[in-house]
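The values are calculated or read from the model by the stated rules, or taken from the named source; none is laboratory data. Treat the numbers as computed from the prediction; the structure is a model and nothing was measured. So basically every Cβ, Gly included, is an ideal-geometry build from the backbone, and we count neighbours across all protein chains shown.
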């Protein structure tokens, strides 16, 4: 990515050798996430030029001299929640808030990525729309070899964000009710998280009919199309006062406010969608004080990805987590711009860039 609003270009990028705590990974698959689109459209600031992509799975090629947890041939998922392991957030069990700044190379060191001799900014410590990734070891987790890597890629961001919003942040309790506004990749993962947690009733809210149908396949018990009338009124009417948990998975101030309104007195609204930089959400004081509603932000599913992601892999391989249904398209890197166009047009739940079809969907014997 060289400029806001322009198509991505495919170019030869130089990748340095691994440092002591770094790992070189052959990228097998990478999901196309809405957060990448936010960067492309200038809704979130990021220094350019950069290589986008942050939802990858791959195979380790080479490890640095002080890396002990990984070896060549390991199957891994990359996560933007890279952690330093030393700061207060890491020590307090909240590594998703670390930011990972301490894992970046020193300013005087050669860059991990360069283009024609000039440094390239590494997007979220990953830059996964590439055949190779050079990352700090704390950006990776090893997974079972029998997990198909095209599906494992979804766990790197969208699944971890959605399942974690339900299981880690909201801690949905069995028998309770939930509403999910937005049925893209993250929203569908939230629906699944609520189902896995045992929610008795799950409302999926979206304007696209096929997404609502997919939400039902993944666990929603009720669907609401806002184009047919106020979604807040319909959820309040159907539940007799609101849901226990309301999730916003789009990233708009209006839908974030709707999530708060859908929550019942004493309920919880969880804001998961990434709002454009500078946006604010108007919240009723009465909702906060007189109705005792809780409003939670959720960063990357409040994850501890070294613990969470292997468990999500197990959930998939045991049949409880559905990933195949969420992949709308598998495309080569050359079609990455088409994938963003399909996302903007509401045509896909998740597209996956596949670098090696012979490995991506194959379970190891």
For this session: Have a look at 202, 190 and point out the one that is within 20 Å of residue 258 (Cα to Cα), touching a helix residue (DSSP H, G or I) at 6+ places or on another chain (Cβ under 9 Å) and assigned to a strand (DSSP E or B).
Result: 202
Problem set entry | Condition met for residue 81 (at pLDDT below 95, closer than 21 Å to residue 138 by Cβ and crowded, with 19+ Cβ neighbours inside 10 Å) | no
Seminar exercise, completed: Of those in the range 154-187 that are over 11 Å from the mean Cα position of the chain (by Cα) and in a helix (DSSP H, G or I), the residue nearest to residue 218 (Cα to Cα) is 166
Exercise. Among the residues of the range 23-50, which ones are under 21 Å from residue 119 (Cβ atoms) and out of contact with any helix residue (DSSP H, G or I) (no Cβ under 7 Å at 6 or more places or on another chain)?
Worked result: 24, 25, 27, 36, 39, 45, 47, 48, 49
For this session: Would you mind stating whether residue 190 is in contact (Cβ under 8 Å) with a residue 24 or more places away in the chain, within 17 Å of the chain's Cα centre (by Cα) and outside the structural domain of residue 323 (by TED's automatic domain parsing)?
Result: yes
For this session: Mind listing whichever residues of the range 207-230 are on the phi > 0 side of the Ramachandran plot and modelled with pLDDT of 95 or more?
Result: 219
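Yes/no matrix, rows are residues, columns are (1) farther than 19 Å from residue 322 by Cβ; (2) surrounded by fewer than 24 Cβ atoms within 10 Å (Cβ to Cβ):
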site	(1), (2)
176	yes, yes
179	yes, no
183	no, no
191	no, no
205	yes, no
209	yes, yes
216	no, yes
For this session: With respect to residue 119, determine if the residue is over 30 Å from residue 357 (Cβ atoms) and touching a strand residue (DSSP E or B) at 6+ places or on another chain (Cβ under 7 Å).
Result: no
Seminar exercise, completed: Of the conditions (1) closer than 22 Å to residue 201 by Cβ; (2) surrounded by fewer than 16 Cβ atoms within 10 Å (Cβ to Cβ); (3) in contact (Cβ under 8 Å) with a residue 24 or more places away in the chain, the single one that residue 233 does not satisfy is (3)
For this session: Might you check whether a residue that is in contact (Cβ under 8 Å) with a residue 40 or more places away in the chain, over 16 Å from residue 155 (Cβ atoms), surrounded by fewer than 24 Cβ atoms within 10 Å (Cβ to Cβ) and under 17 Å from the mean Cα position of the chain (by Cα) occurs anywhere in the range 44-54?
Result: yes
Problem set entry | Of the criteria (1) part of a strand (DSSP E or B); (2) surrounded by 22 or more Cβ atoms within 10 Å (Cβ to Cβ), which one residue 114 fails | (2)
For this session: Tell me, yes or no, whether the range 128-140 has at least one residue that is surrounded by fewer than 17 Cβ atoms within 10 Å (Cβ to Cβ), assigned to a helix (DSSP H, G or I) and not assigned by TED's automatic domain parsing to the domain that holds residue 295.
Result: no
Exercise. Of all the residues that make up the range 315-339, how many are under 26 Å from residue 145 (Cβ atoms) and without any contact (Cβ under 8 Å) to a residue 12 or more places away in the chain?
Worked result: 2
For this session: Hey, can you tell me all the residues within the range 74-99 that are over 19 Å from residue 27 (Cβ atoms) and either in a helix (DSSP H, G or I) or touching a strand residue (DSSP E or B) at 6+ places or on another chain (Cβ under 8 Å) (or both)?
Result: 88, 89, 90, 91, 95, 96, 97
For this session: Can you tell me which residue within the range 253-278, out of those that are surrounded by fewer than 17 Cβ atoms within 10 Å (Cβ to Cβ) and at pLDDT below 95, is nearest to residue 41 (Cα to Cα)?
Result: 276
